[in-house]
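As structure tokens, the structure follows; a few thoughts come after it.
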Amino acid sequence: MGYYKCIDISNWQAGIDIGDALKKLDMLIVKATEGTGFTDKQCDGWIKAAKKAGKPFGFYHFFRGRGIAEADFFVKTCKGYFGHGVPILDVETEECTKAEVQAFVDRVHAK
């Protein structure tokens with residue numbers, strides 16, 4: 001088994017030449033949502049570019065610790081991506097409890 005070339009990007013990388021980047025990548029992971037109200041405006045365009053280039057993609061939710069509420073927002077906002085890309089949960093803080101993370105995962109799977 002080899003390594004895959006992959007990056008994760010968000011609105012912080014707005015302005016990059018995604019077409020050029022995709023030529024060098026095996027997969028693209030894109031930030032889609034955060035918390036219960038933030039939608040990354042770059043997400044849809046980058047996912048469309050990945051699909052056009054024939055590259056698999058992942059779409060992620062940046063977790064803020066409110067399990068079920070965030071899961072509902074993620075599923076509602078990203079409904080067109082499920083079944084086409086890989087849903088990912090990005091947890092970067094120790095302030096989130098394992099119970100809230102599990103509640104998020106369980107809710108996404110249930111929906």
Return the residues of the range 51-64 that are open to solvent by 20 Å² or more (accessible area, probe 1.4 Å), under 30 Å from residue 99 (Cβ atoms) and out of contact with any Lys or Arg (no Cβ under 9 Å at 6 or more places or on another chain); say none if nothing qualifies.
64
Pick out the one residue from 38, 73 that is of a type outside the set (Gly, Ala, Ser) and buried (at least 18 other Cβ atoms within 10 Å of the Cβ).
73
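Among residues belonging to the range 79-111 that are outside any helix (DSSP H, G or I) and over 24 Å from residue 5 (Cα atoms), point out the one that is least open to solvent (accessible area, probe 1.4 Å).
96
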Is it fair to say residue 21 is at pLDDT 95 or above and assigned to a helix (DSSP H, G or I)?
no
I'm trying to understand the selection: among the residues of the range 1-27, which are without any contact (Cβ under 8 Å) to a residue 24 or more places away in the chain and aliphatic (A, V, I, L, M)?
1, 7, 16, 21
Give the range 8-20 a look and list any residue that's within 16 Å of residue 44 (Cα to Cα) and not aromatic (Phe, Trp, Tyr), or say none.
8, 9, 10, 11, 13, 14, 15, 16, 17, 18, 19
If we ask which residues in the range 41-67 are over 12 Å from residue 81 (Cβ atoms), under 11 Å from the mean Cα position of the chain (by Cα) and not in a strand (DSSP E or B), their number turns out to be 1
Unmet criterion (only one of (1) free of Cβ contacts under 8 Å to residues at least 12 places away in the same chain; (2) open to solvent by less than 60 Å² (accessible area, probe 1.4 Å); (3) of a type outside the set (A, V, I, L, M, F, W, C); (4) farther than 21 Å from residue 109 by Cβ) for residue 48
(2)
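The values are calculated or read from the model by the stated rules, or taken from the named source; none is laboratory data. Small disclaimer: the values here were computed from a predicted structure and weren't measured. Don't worry about glycine lacking a Cβ; one is built from the backbone with ideal geometry, like all the others, and counts go over all protein chains shown. The area values use the complete protein model at the heavy-atom level, side chains included, leaving out ligands, DNA and RNA. Shrake-Rupley method; radii C 1.70, N 1.55, O 1.52, S 1.80 Å.
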